[in-house]
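> Structure incoming, see below.
The values are calculated or read from the model by the stated rules, or taken from the named source; none is laboratory data. Predicted model only: the values in this text are computed from it and were never measured. Here the Cβ positions follow ideal geometry from the backbone for every residue, glycine too, while neighbour counts run over all protein chains shown. Heads up: the accessible areas ignore ligands, DNA and RNA and are worked out on the full protein's heavy atoms, side chains in. Shrake-Rupley method; radii C 1.70, N 1.55, O 1.52, S 1.80 Å.
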Amino acid sequence: MILQLKDNQIKISVRHLVEFICRSGDLTSGGSRKASLDAMQAGSRIHRKIQRSMGVDYKEEVSLKRTFHHKEYDVIVEGRADGIFPKDGTMAIDEIKGTYRNLTMLEEPIFVHKAQAMCYGYFYGLEQSLEQVGIQITYCHMETEEIRRFYEVLSMQQLESWMEDMMDGFFIWSDYVYESKRKRNTSIRKQTFPFEYRTGQKGLSASVYQSLKKEEHLFVQAPTGIGKTISTIYPTIKRMEEKDTDKMFYLTAKTITRTAAEETFGILRNQGLYFSTVTLTAKEKICFQKEVECNPEQCPYAKGHFDRVNQALYELIMNETVFTRELIEEYAQKFQVCPYELSLDVCDFADGIICDYNYVFDPKVRLKRFFGEGRLLDFYYLVDEAHNLVDRARTMYSAAVCKQDFLEVRRQMPAYAKRLRNALNRCNKEMLELRKKWGTRCVIEETDQLVYAMLQFVSEADAFLENEEDSEARKVLLELYFCVQHYLNIYDTIEDGYEIYVLEADKRFYCKLFCINPSKQLKNCFDFAKAAVLFSATLLPVNYYKALLMGNEEEKAIYVPSPFDAAKRGIFIANDVTSKYTRRNQNEYEKMFWYLEALLNGRSGNYIAFFPSYEMLEKVAEFVYDRGLDIKADILIQNQNMQEPERETFLAEFRKERKKSLLALCVMGGIFSEGIDLTGEQLIGTVIVGNGFPGVGFEQNLLKEYFDRTLGTGFDYAYRYPGMNKVLQAAGRVIRTKDDEGVILLLDERLLGYEYQNLFPVEWQDRKSISLRNAEFMMKEFWKGREQYEWKK
């Protein structure tokens with residue numbers, strides 16, 4: 001339910017009002033095309049066709065609204081009636097609904113549809129001083145265009161009594177919104193910055209505030225440890241009070257940064273802030289069932305979910321302000337409702353939403369209640385670790401289908417689903433035609449014939465899913481159904497910035513819509529926000545991120561220098577070793593080993609070495625064990641496909657006290673190269689092998705060719721810039737606080753070239769070139785200097 005409170009007025013649409021107050025029944029998994037672009041277009045076409053057929057006395061799309069005064073504020077309920085027309089001497093409201101349901105199965109109108117018409121009937125009746133109003137619900141099948149109507153006449157007394165009950169049910173929610181926002185804004189006015197400002201932090205906070213005030217987007221390159229989270233959240237809540245902004249979205253790529261946001265709000269609450277926040281958890285993680293399937297026959301939380309969810313939601317928001325995963329699960333268990341759906345409903349009433357990028361940017365899972373048509377609320381976005389958004393966006397806006405999937409699903413469809421099986425056959429046939437025409441790896445212009453076949457498949461699948469409430473065939477079909485839907489929706493909006501290609505891999509044939517430049521799609525999402533702040537410790541070069549995230553290199557950006565003492569950090573670049581593909585051999589791996597030994601000989605402690613691949617990690621690990629380095633240090637090796645418990649066990653090793661050193665061998669760009677905090681003695685150095693380049697492959701070469709063609713920067717955009725981001729992220733593991741000290745050892749002679757050095761942070765001016773001949777000496781000298789400094793202190 002989307003409520004907007006401005007100047008003691010709460011606005012809500014008729015549709016949102018009745019869908020929230022009148023909802024009831026079971027929660028079911030997807031299977032309707034209503035959310036898709038095709039269905040929206042088809043629905044609009046059906047509306048227009050019916051409206052045109054109703055004659056000259058039929059008034060289309062009539063705007064209606066009513067103001068209800070309640071306590072200290074007004075509630076404005078507004079919307080557009082599909083049609084108003086005379087029938088048998090009575091003015092009637094027409095509510096038109098497109099559907100894929102079998103209309104013969106409808107014995108009466110769905111109540112939320114009738115409720116919409118009743119609202120419009122009441123508003124129109126008051127406006128025209130009528131004694132009675134006709135209420136008509138018109139259902140039209142989206143494919144056959146079969147029509148079924150339900151009609152009745154209601155007196156204004158009946159409508160008035162019903163509307164009073166409806167609004168009484170609504171006022172308990174609007175009272176909460178009104179009181180909550182009043183308390184929020186009062187508490188924000190009393191807030192002060194909770195810490196003494198660090199160097200650069202006050203300027204950062206001021207820049208964020210000014211950007212929000214000017215309603216412009218801001219890119220922030222700021223080092224780890226400066227306090228980016230509080231420096232962005234604090235000015236945002238201040239501006240929210242001044243502008244009476246509805247919500248803040250704190251967007252993250254990883255769980256650990258969500259935790260940092262939660263902790264920051266906790267600090268502000270400790271000094272009196274009243275500000276409700278909800279942390280969204282993926283459906284797969286929060287679901288109580290073993291299998292994620294919203295089937296009321298299988299899931300007790302889906303059965304009757306909408307009968308109970310409003311009570312669960314009301315108790316939750318009235319008793320709590322910090323809506324964590326654990327709290328949502330507790331209330332969901334208490335009221336036997338779906339925890340994921342409950343968390344989404346909480347978003348309507350929360351001031352801040354802490355969530356993954358997906359909930360704002362991904363067309364499959366974005367919160368359509370906020371980002372659909374007809375924007376009503378005002379938002380600010382805070383995008384943490386924004387460097388991750390480029391690759392994430394490419395994935396979100398790409399889509400692929402596999403030939404073998406159509407055959408496998410067809411085999412599992414029942415014999416009586418002949419039309420559906422034929423549609424799957426046609427999809428397979430069109431995929432086969434693509435393979436015959438273009439081979440097993442090729443960029444192509446279009447897939448129109450495949451799209452036509454898939455549209456027919458979706459139509460037949462809709463009909464099948466309407467009648468298959470609970471079957472194994474339904475489960476099998478749904479996964480392919482959603483995959484095809486995503487492909488169709490992306491194809492419908494495809495433009496410059498995409499390549500379409502076919503590829504055969506592991507005996508499976510794919511057709512993919514590959515998003516190369518996601519800036520236009522992201523810009524559409526950013527347009528929903530009044531302003532956005534995108535921040536990271538590694539937004540270099542910033543114009544690269546401006547181009548790919550906004551499509552505009554003129555967006556404002558600031559660089560915040562590190563506040564930490566450079567003397568506490570040593571940066572060394574090896575001039576006699578490389579991970580270059582043509583020189584990957586035993587000689588280079590042995591050099592890497594000798595550098596690791598030099599590092600450990602410089603000072604005992606905890607270190608992480610990052611490698612460009614598992615293969616190279618394993619090659620160097622052989623030297624580590626063969627030469628007995630495991631005697632000098634405990635060795636940890638990152639395994640592929642680590643799960644959360646294994647990851648936590650791995651990190652716990654850095655917190656243990658030990659008599660000898662700890663050396664962890666990890667993969668650059670993996671789960672340990674960013675987003676982890678190992679402060680003080682937990683980590684005193686990192687070794688970074690290579691320049692971080694992504695592996696050479698078909699898609700990576702498509703990136704290079706596209707950006708060569710459009711910007712003349714193909715190699716930089718496809719390889720150098722993404723690679724250096726990985727290097728800088730891994731390097732950022734060492735210095736996390738003002739008390740940290742340690743070394744960063746870069747093992748690749750290519751990093752001494754100007755084209756890489758130009759990408760280094762300003763603070764790296766004191767970097768030193770070293771070789772195997774003096775590596776151990778340089779390590780010892782650095783730590784000796786640190787000991788002398790501490791002794792003088």
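> Select, from 219, 265, the only residue that is open to solvent by less than 20 Å² (accessible area, probe 1.4 Å), in contact with a Leu (Cβ under 7 Å, 6 or more places away or on another chain) and modelled with pLDDT of 95 or more.
219
> Hey, another quick one. When you scan region 304-312, do you find a residue that is within 30 Å of residue 471 (Cα to Cα), in contact with a Lys or Arg (Cβ under 6 Å, 6 or more places away or on another chain) and in a helix (DSSP H, G or I), even just one?
Looking for residues that are within 30 Å of residue 471 (Cα to Cα), in contact with a Lys or Arg (Cβ under 6 Å, 6 or more places away or on another chain) and in a helix (DSSP H, G or I), one finds at least one in region 304-312, hence yes.
> Residues in region 681-709 that are part of a helix (DSSP H, G or I) and in contact with an Asp or Glu (Cβ under 8 Å, 6 or more places away or on another chain): how many?
Final tally of qualifying residues: 3.
> Right, next: Of everything in region 563-620 that's open to solvent by less than 40 Å² (accessible area, probe 1.4 Å) and of a type in the set (S, T, N, Q), which residue is farthest from residue 671 (Cα to Cα)?
578
> Here's another thing I want to ask about it. Restricting the first residue to region 543-560 and requiring it to be of a type in the set (S, T, N, Q), which pairs with a second residue that is modelled with pLDDT of 95 or more meet a Cβ separation below 9 Å and a spacing of at least six or different chains?
Pairs that qualify, where the first residue is of a type in the set (S, T, N, Q) and the partner is modelled with pLDDT of 95 or more, are 543/557; 552/217; 552/519; 552/523; 552/546.
> Now a separate question. Could you identify the single residue in 281, 252, 259, 277 that is surrounded by fewer than 19 Cβ atoms within 10 Å (Cβ to Cβ), over 17 Å from residue 212 (Cβ atoms) and of a type in the set (Val, Ile, Thr)?
259
> Then there's this: Do you know which residues across region 621-643 are assigned to a loop (DSSP other than H, G, I, E, B), open to solvent by 30 Å² or more (accessible area, probe 1.4 Å) and touching a helix residue (DSSP H, G or I) at 6+ places or on another chain (Cβ under 9 Å)?
627, 639, 640, 642 - these are the residues of region 621-643 that are assigned to a loop (DSSP other than H, G, I, E, B), open to solvent by 30 Å² or more (accessible area, probe 1.4 Å) and touching a helix residue (DSSP H, G or I) at 6+ places or on another chain (Cβ under 9 Å).
> Here is a further query. Evaluate the following for residue 560: is it farther than 26 Å from residue 225 by Cβ and open to solvent by less than 30 Å² (accessible area, probe 1.4 Å)?
For residue 560, the condition - farther than 26 Å from residue 225 by Cβ and open to solvent by less than 30 Å² (accessible area, probe 1.4 Å) - is not met.
> A further question on this structure: Name the one entry in 609, 598, 633, 621 that is more than 30 Å from the chain's Cα centre (by Cα), among the aliphatic types (A, V, I, L, M) and within 24 Å of residue 738 (Cα to Cα). Walk me through it before giving the result.
On the way: 598 fails: within 24 Å of residue 738 (Cα to Cα); 633 fails: within 24 Å of residue 738 (Cα to Cα); 621 fails: within 24 Å of residue 738 (Cα to Cα).
Step by step, each of 609, 598, 633, 621 is checked, and only 609 is more than 30 Å from the chain's Cα centre (by Cα), among the aliphatic types (A, V, I, L, M) and within 24 Å of residue 738 (Cα to Cα).
> Look through 484, 451 and report the one residue that is out of contact with any Cys (no Cβ under 9 Å at 6 or more places or on another chain), open to solvent by less than 50 Å² (accessible area, probe 1.4 Å) and either on the phi > 0 side of the Ramachandran plot or touching a residue at least 40 places away in the same chain (Cβ under 8 Å) (or both).
Of 484, 451, the one residue that is out of contact with any Cys (no Cβ under 9 Å at 6 or more places or on another chain), open to solvent by less than 50 Å² (accessible area, probe 1.4 Å) and either on the phi > 0 side of the Ramachandran plot or touching a residue at least 40 places away in the same chain (Cβ under 8 Å) (or both) is 451.
> Anything in region 204-258 that is closer than 18 Å to residue 268 by Cα and acidic (Asp, Glu)? List them, or say none.
Once the filter is applied, which keeps residues that are closer than 18 Å to residue 268 by Cα and acidic (Asp, Glu), region 204-258 yields 241, 242.
> Here is a follow-up. I need the full set of residues from region 112-161 which are in a strand (DSSP E or B), crowded, with 16+ Cβ neighbours inside 10 Å and among the small types (Gly, Ala, Ser), in order please.
134
Yes/no per residue for (1) under 30 Å from residue 222 (Cβ atoms); (2) assigned to a helix (DSSP H, G or I); (3) of a type outside the set (Asp, Glu):
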site	(1), (2), (3)
554	yes, no, no
557	yes, no, yes
564	yes, no, yes
579	yes, no, yes
589	no, yes, yes
595	no, yes, yes
601	no, yes, yes
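> Restricting attention to region 378-388, does a residue exist that is open to solvent by 10 Å² or more (accessible area, probe 1.4 Å), more than 17 Å from residue 524 (Cβ to Cβ) and part of a helix (DSSP H, G or I)?
The answer is yes, given that some residue of region 378-388 is open to solvent by 10 Å² or more (accessible area, probe 1.4 Å), more than 17 Å from residue 524 (Cβ to Cβ) and part of a helix (DSSP H, G or I).
> Restricted to region 518-547, and to residues that are of a type in the set (Ser, Thr, Tyr) and out of contact with any strand residue (DSSP E or B) (no Cβ under 8 Å at 6 or more places or on another chain), which residue is nearest to residue 713 (Cα to Cα)?
Checking each candidate, the answer is 544.
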